[in-house]
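Below is one structure, written out as structure tokens; comments come after it.
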Amino acid sequence: MTSSTLDNAWIPPVVDGSAEDGAGSAATRRPPLVVWLPAAIVALLVLVPIGYLLVRAWEAGPAAWESLLRPKTARVVLNSVVLACGVALTSTVIAVPLAWLTTRTDLPGRRWWAAVATLPLAVPSYVGALAVIAAFGPKGALQGLLEPMGVERLPSLYGFWGSLLTLTLFTYPYSLLAVRAGLRGLDPAVEEASRSLGQGPWATFRRVTLPQLRPAIAAGALLTALYTLGDFGVVTLMRFDAFTRAIYVQYRSALDRSGAALLSLVLIGVTIALLLIEARVRGRQGGAAARVGVARQSGTVPLGRWKVPAIIFCGVVATLSLGMPIAVLLGWLLRGRRDQITGLVTAAGHSLELAIATAAVATVLALPVALLAVRWPGRLASVVERTAFLGYALPGLVVAFAFVSIGVRTPWHQTLALLVLACVVRFLPEAVASEQVSLRQVSPRLEEAARGLGSTMTQAVRRVTVPLAMPGLLAGAGLVLLTTMKELPITLLLSPTGWSTLATDIWTASNDARWAEAAAPALVLIGLSLPMTLLLQSRDRGSRADHD
Amino acid sequence: MTETQMLPAALACRGLRKTFGGSPVVDGLDLEAQPGELVALLGPSGCGKTTCLRMIAGFEPIDAGRITIGGRVVADAAAGSRRADPPEQRRVGMVFQDYALFPHLSVAKNVGFGLKGGSQQAAAVHDALAAVGLAGYADRMPDALSGGQQQRVALARALAPRPDLVLLDEPFSNLDAELRVALRQEVRQILRAANATAVLVTHDQEEALSLADRIAVMWGGKVLQQGSPEELYLRPANRTVAGFVGDAQFLPGEATGRRATTDLGEVPLHAPATGTVDVMVRPEQLRLTPATVEEPGNAVVVSRAFFGHDQLLTIALLGGRTLRARLGAYGGIRPGDRVTVSVRGAALAFPQAEGTSSSR
């Protein structure tokens with residue numbers, strides 16, 4: 001059952017203090033120093049940016065408070081929340097049928113579609129935004145096609161609708177992965193029970209499958225909503241007045257940075273509120289049914305005459321979210337001035353360097369946190385765990401802003417170390433969630449057996465637990481690697497001067513409309529991310545159990 | 001009884017075949033159940049019995065053969081009359097091995113799931129829950145129930161729509177031994193009260209013997225023998241059935257008419273036979289008497305397992321062969337004692353087969 005490691009890694013855990021299972025007798029014991037001290041230090045590290053923001057807000061002058069209380073702020077909040085809800089909704093609408101088609105039906109090329117539908121994760125959303133503008137924007141490819149037919153103007157793409165379209169196209173795979181994991185977690189016998197009680201396939205889906213999928217759907221919607229709230233690139237390119245854009249403008253324009261700090265805190269508050277709402281929705285669901293016996297693979301639903309519409313649906317989604325951006329980028333590269341493209345290898349090297357360093361550090365730092373939460377649940381564990389997961393609520397721009405401001409006063413200003421640290425804080429939850437899932441699958445009895453054979457706690461973890469949990473650790477590392485590589489605002493604000501990555505190269509070149517110079521690093525970035533996405537996706541297959 | 005025989009069989013399977021990845025799992029299976037009857041499909045794990053159940057329920061398409069439920073053909077793989085009704089149209093209630101209760105619905109909603117809405121639904125749900133002794137549990141969620149309670153909800157849910165046939169897939173395998181025995185008889189009574197026809201899949205011979213009206217022993221994708229528990233136990237059709245239903249041991253012998261000469265001496269046979277045979281003796285068929293001066297005995301007691309209600313002795317015959325003998329708890333025979341072994345009643349003889357294992 002390790003196959004679900006990745007899927008769950010995307011999903012923040014329920015914010016709920018109840019004791020976790022699998023702890024056994026360890027629950028009553030105090031965690032050893034070698035576990036709780038590093039875990040507590042990691043938690044403090046995550047608190048650094050929030051602490052900074054709080055200090056800044058405390059020092060804020062009346063002008064900053066006044067600007068926060070302006071109606072414009074309320075409008076920005078509303079914009080962001082509506083956009084986040086919209087993206088969550090449209091992503092779900094795309095992801096649920098896609099997940100069902102690729103796990104439960106006789107869709108031709110089911111496996112292939114499952115992989116293709118996950119691949120848009122390899123396209124950074126700001127690159128996607130550039131492609132969407134090029135394809136559907138004013139004087140874009142679509143208008144070029146329609147012009148002979150007398151269409152002179154397309155409805156304006158900029159603003160809400162463009163942001164919604166772009167963010168949906170490039171974040172729905174988060175939702176897809178969550179729903180697929182949920183679908184595979186269902187006991188097929190439950191659906192069969194419904195069929196034998198006289199319900200047809202559609203009624204069974206509506207009355208049995210869908211209600212049970214609710215937690216997975218909520219988790220997927222939450223992930224896309226969180227991504228949207230924290231997104232900086234898309235709303236900036238689409239000129240939509242969302243939160244992050246307002247913070248960036250404040251940060252760039254005002255001398256006093258308290259305004260940006262206050263806005264950041266409001267954004268964090270909105271995000272935490274979202275997390276709490278989701279936890280409530282999931283909490284009401286109640287525990288999953290006790291599963292005894294061996295889960296079989298679910299039967300395949302024949303699509304019949306719906307086969308062609310299903311293929312068209314998958315095809316349209318894949319074309320828009322994968323084919324379209326790659327075609328646009330290739331077009332730019334072929335038509336543009338390729339002689340201007342320089343430093344591609346250096347930038348790619350920097351991107352990899354940053355991503356690998358972040359993944360390694362995050363994986364190691366996440367281990368004590370995950371171990372504490374899984375093996376010694378209690379007050380300390382739940383405080384540390386929740387703090388570590390705050391990274392989900394910290395938009396990249398906010399982390400970047402805090403670390404820049406702190407960094408200026410330290411000798412680490414303009415160093416790679418500070419950049420890696422900021423990225424670790426931002427992406428730590430991905431590693432922790434993934435490690436928790438796989439640590440839960442390692443029975444504490446095995447550690448106890450090792451202790452009984454003379455190992456110390458540390459030795460037992462190193463020799464037994466870590467090797468057994470390795471798939472989860474690697475999945476978490478892979479996830480951090482992928483997301484760090486695509487990351488924009490932290491890299492943009494914290495990169496040492498002259499130290500460019502693929503992400504920053506794409507951003508600066510596209511700001512100057514040097515399209516060929518933006519296309520080349522974008523294609524390299526997608527090229528580097530694709531195998532990583534495929535690798536993670538291939539872990540996402542369910543285990544098969546055979547019939548009697 | 002004549003009236004019962006006029007009705008079509010509640011279930012009739014003819015020549016069922018199912019192949020997974022080239023190897024047949026069910027291979028020409030015939031099975032029948034009369035209305036109101038509880039049939040146990042008994043076989044070792046991997047013999048295809050669950051696959052057979054899933055084909056009857058409609059979760060698994062059949063490769064060959066025909067399934068008729070209450071006279072209606074629900075699946076037919078014959079070229080001319082291809083037919084495969086979806087599960088929801090078969091009126092078959094299924095009790096799954098892990099119960100498969102809907103985790104998002106209360107007990108009452110689980111039981112009412114297969115019922116048409118309306119005023120009668122609530123009454124039907126109440127009746128169904130009362131029948132399984134869970135009237136006060138309507139609003140519980142499945143995860144707040146014990147294993148035995150989940151089992152009974154699953155049964156109530158399957159029975160509530162009054163299906164033509166109830167299928168139970170290893171329904172007691174997830175319960176602990178004590179609960180299993182108690183629940184078996186309860187399930188039997190509930191099924192009888194509902195006058196339901198049921199097919200139960202199990203690998204537990206004791207369960208099949210104590211519960212079923214009729215047992216079909218399944219082996220290698222086929223039904224080897226169908227009959228009442230007594231028939232199967234006392235008159236197994238072949239060595240495989242004899243070895244699987246109850247504890248069987250085989251003694252090689254030479255038969256002439258109704259007698260066979262074996263290591264135990266002359267053994268009376270149930271039916272006449274000739275030539276080299278294997279004589280089946282159940283452990284409880286053996287009679288041991290302590291050796292005396294007149295009768296020096298033909299065996300030595302090797303070991304003894306005491307169970308309270310009875311005891312199992314392992315004895316070594318003079319020829320070196322060992323046998324098991326089941327005796328009442330009260331007997332002074334101890335390991336090391338010399339005894340005379342004889343067979344009570346008549347024994348069954350099977351033609352000696354090459355390469356078959358002698359006993360379980």
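Of the numbered criteria (1) modelled with pLDDT of 90 or more; (2) away from chain A (no Cβ under 14 Å), the one B:ASP63 fails is (2).
Is it true that some residue in the range A:495-517 is assigned to a helix (DSSP H, G or I), crowded, with 24+ Cβ neighbours inside 10 Å and modelled with pLDDT under 90? Write out each step before concluding.
Filtering the range A:495-517 for residues assigned to a helix (DSSP H, G or I) gives A:502-511, A:515-517.
Then keep just the ones that are crowded, with 24+ Cβ neighbours inside 10 Å; that gives A:502-503, A:505-507, A:517.
Of the ones still in play, those that are also modelled with pLDDT under 90 are A:517.
Yes; the residues of the range A:495-517 include at least one that is assigned to a helix (DSSP H, G or I), crowded, with 24+ Cβ neighbours inside 10 Å and modelled with pLDDT under 90.
The C-beta contact set for the range B:168-180 (first residue under 24 Å from B:CYS52 (Cα atoms), second residue surrounded by fewer than 19 Cβ atoms within 10 Å (Cβ to Cβ) and among the polar types (S, T, N, Q), distance under 9 angstrom, 6+ apart or interchain) comprises B:ARG180/B:SER173.
Applying the condition of being in a strand (DSSP E or B), closer than 19 Å to B:GLY265 by Cβ and among the small types (Gly, Ala, Ser) to the range B:319-360 and asking which residue is modelled with the highest pLDDT yields B:ALA325. I want to confirm something. Restricting to the range B:45-68 and keeping residues that are hydroxyl-bearing (Ser, Thr, Tyr) and surrounded by fewer than 20 Cβ atoms within 10 Å (Cβ to Cβ), which single residue is farthest from A:VAL301 (Cα to Cα)? Here the residue is B:SER45.
How many residues are in a helix (DSSP H, G or I), open to solvent by 100 Å² or more (accessible area, probe 1.4 Å) and modelled with pLDDT of 75 or more when one looks only at the range A:328-351? Summing the residues that are in a helix (DSSP H, G or I), open to solvent by 100 Å² or more (accessible area, probe 1.4 Å) and modelled with pLDDT of 75 or more in the range A:328-351 gives 3. Name the residue that is nearest to A:ALA178 (Cα to Cα), counting only residues in the range A:435-461 that are surrounded by 24 or more Cβ atoms within 10 Å (Cβ to Cβ) and touching a Ser or Thr at 6+ places or on another chain (Cβ under 6 Å). Among those residues, the one meeting the criterion is A:VAL437.
None of A:ARG252, A:ARG296, A:ARG282, A:ARG245 is part of a helix (DSSP H, G or I), at pLDDT below 85 and either surrounded by 15 or more Cβ atoms within 10 Å (Cβ to Cβ) or of a type in the set (Phe, Trp, Tyr) (or both) except A:ARG282.
Just the residues that are open to solvent by 10 Å² or more (accessible area, probe 1.4 Å) and within 23 Å of B:ARG184 (Cα to Cα), please, taken from the range B:235-249. Within the range B:235-249, B:PHE244, B:ASP247 meet the criteria.
If you go through the range B:169-182, how many residues are surrounded by fewer than 18 Cβ atoms within 10 Å (Cβ to Cβ) and within 14 Å of another protein chain (Cβ to nearest Cβ)?
First, pick out the residues of the range B:169-182 that are surrounded by fewer than 18 Cβ atoms within 10 Å (Cβ to Cβ): B:173, B:176-179, B:181-182.
Narrowing the set further to residues that are within 14 Å of another protein chain (Cβ to nearest Cβ) leaves B:173, B:176, B:179.
Number satisfying all stated conditions: 3.
For the range A:146-173, the set of residues classified as in a helix (DSSP H, G or I) and either in contact with a strand residue (DSSP E or B) (Cβ under 6 Å, 6 or more places away or on another chain) or farther than 18 Å from A:VAL316 by Cα (or both) consists of A:LEU146, A:GLU147, A:PRO148, A:MET149, A:PHE160, A:TRP161, A:SER163, listed by residue number.
What helices (runs of 4 or more DSSP H) completely inside the range A:34-121 contain at least 1 residues that are open to solvent by less than 50 Å² (accessible area, probe 1.4 Å), at pLDDT 90 or above and more than 29 Å from A:MET485 (Cα to Cα)?
Details: elements: A:62-68, A:71-104, A:110-118.
Qualifying helices (runs of 4 or more DSSP H): A:71-104.
Among the residues of the range B:97-110, what is the count of those that are surrounded by fewer than 23 Cβ atoms within 10 Å (Cβ to Cβ), under 19 Å from B:ALA131 (Cα atoms) and either of a type in the set (S, T, N, Q) or touching a helix residue (DSSP H, G or I) at 6+ places or on another chain (Cβ under 8 Å) (or both)? Of the residues in that region, 2 qualify.
Residue pairs whose Cβ atoms lie under 6 Å apart, separated by 6 or more positions or on different chains, with the first residue in the range B:75-99 and within 14 Å of chain A (Cβ to nearest Cβ) and the second modelled with pLDDT under 85 and surrounded by fewer than 19 Cβ atoms within 10 Å (Cβ to Cβ), are B:GLN97/A:GLY293; B:ASP98/A:VAL292; B:ASP98/A:GLY293. Among the residues of the range B:183-216, those identified as aliphatic (A, V, I, L, M) and either open to solvent by 60 Å² or more (accessible area, probe 1.4 Å) or in a strand (DSSP E or B) (or both) are B:ALA193, B:ALA198, B:VAL199, B:LEU200, B:VAL201, B:ILE215, B:ALA216. I'm trying to understand the selection: among the residues of the range A:177-200, which are facing another protein chain (nearest Cβ under 8 Å) and surrounded by 19 or more Cβ atoms within 10 Å (Cβ to Cβ)? Result: A:ASP187, A:ALA189, A:VAL190, A:GLU192, A:ALA193, A:SER194, A:ARG195, A:SER196, A:LEU197, A:GLY198, A:GLN199.
Summed over the range B:11-38, the residues that are in contact (Cβ under 8 Å) with a residue 40 or more places away in the chain, open to solvent by 10 Å² or more (accessible area, probe 1.4 Å) and either within 13 Å of chain A (Cβ to nearest Cβ) or not polar (S, T, N, Q) (or both) give a count of 15.
Among the candidates B:ALA255, B:ALA273, B:ALA316, single out the residue that is over 30 Å from B:LEU168 (Cα atoms), more than 25 Å from the chain's Cα centre (by Cα), hydrophobic (A, V, I, L, M, F, W, C) and modelled with pLDDT under 90. Reasoning before the result, please.
Numbers: B:ALA255 fails: modelled with pLDDT under 90; B:ALA316 fails: modelled with pLDDT under 90.
Every option except B:ALA273 fails the conditions.
Condition test on A:ALA131, is it touching a residue at least 40 places away in the same chain (Cβ under 8 Å), surrounded by 24 or more Cβ atoms within 10 Å (Cβ to Cβ) and either within 30 Å of B:LEU53 (Cβ to Cβ) or within 14 Å of another protein chain (Cβ to nearest Cβ) (or both)? So A:ALA131 does not fit the description; no. Considering the conditions (1) within 12 Å of chain A (Cβ to nearest Cβ); (2) within 30 Å of B:SER228 (Cα to Cα), B:PHE113 is excluded by exactly one of them, (2). Looking across the range A:385-411, the residues that are touching a Lys or Arg at 6+ places or on another chain (Cβ under 7 Å), part of a helix (DSSP H, G or I) and surrounded by 20 or more Cβ atoms within 10 Å (Cβ to Cβ) come down to A:GLY391, A:GLY396, A:VAL399. For the range B:39-49, taking the residues that are at the interface with another protein chain (Cβ under 10 Å from one of its Cβ atoms) and modelled with pLDDT of 90 or more, the one that is farthest from the chain's Cα centre (by Cα) is identified as B:LYS49.
For the range B:118-128, the criterion of being modelled with pLDDT under 90, in contact with a strand residue (DSSP E or B) (Cβ under 6 Å, 6 or more places away or on another chain) and more than 14 Å from chain A (Cβ to nearest Cβ) is met by none of the residues. Among the residues in the range A:412-432, are any part of a loop (DSSP other than H, G, I, E, B) and either touching a residue at least 12 places away in the same chain (Cβ under 8 Å) or open to solvent by less than 10 Å² (accessible area, probe 1.4 Å) (or both)? Checking the range A:412-432: at least one residue is part of a loop (DSSP other than H, G, I, E, B) and either touching a residue at least 12 places away in the same chain (Cβ under 8 Å) or open to solvent by less than 10 Å² (accessible area, probe 1.4 Å) (or both).
The set of residues in the range A:362-384 being open to solvent by 10 Å² or more (accessible area, probe 1.4 Å) and closer than 13 Å to A:LEU45 by Cα consists of A:LEU365 alone. Of note, B:MET141 does not satisfy the criterion of being in contact with a strand residue (DSSP E or B) (Cβ under 8 Å, 6 or more places away or on another chain) and either within 14 Å of chain A (Cβ to nearest Cβ) or surrounded by fewer than 19 Cβ atoms within 10 Å (Cβ to Cβ) (or both).
The values are calculated or read from the model by the stated rules, or taken from the named source; none is laboratory data. If you're wondering where the values come from, they're calculated on a predicted model, not measured in any experiment. Every residue, glycine among them, receives a Cβ derived from its backbone with ideal geometry; neighbour counts consider all protein chains shown. These accessible areas exclude ligands, DNA and RNA; they are computed on the full protein's heavy atoms, side chains included. Shrake-Rupley method; radii C 1.70, N 1.55, O 1.52, S 1.80 Å.
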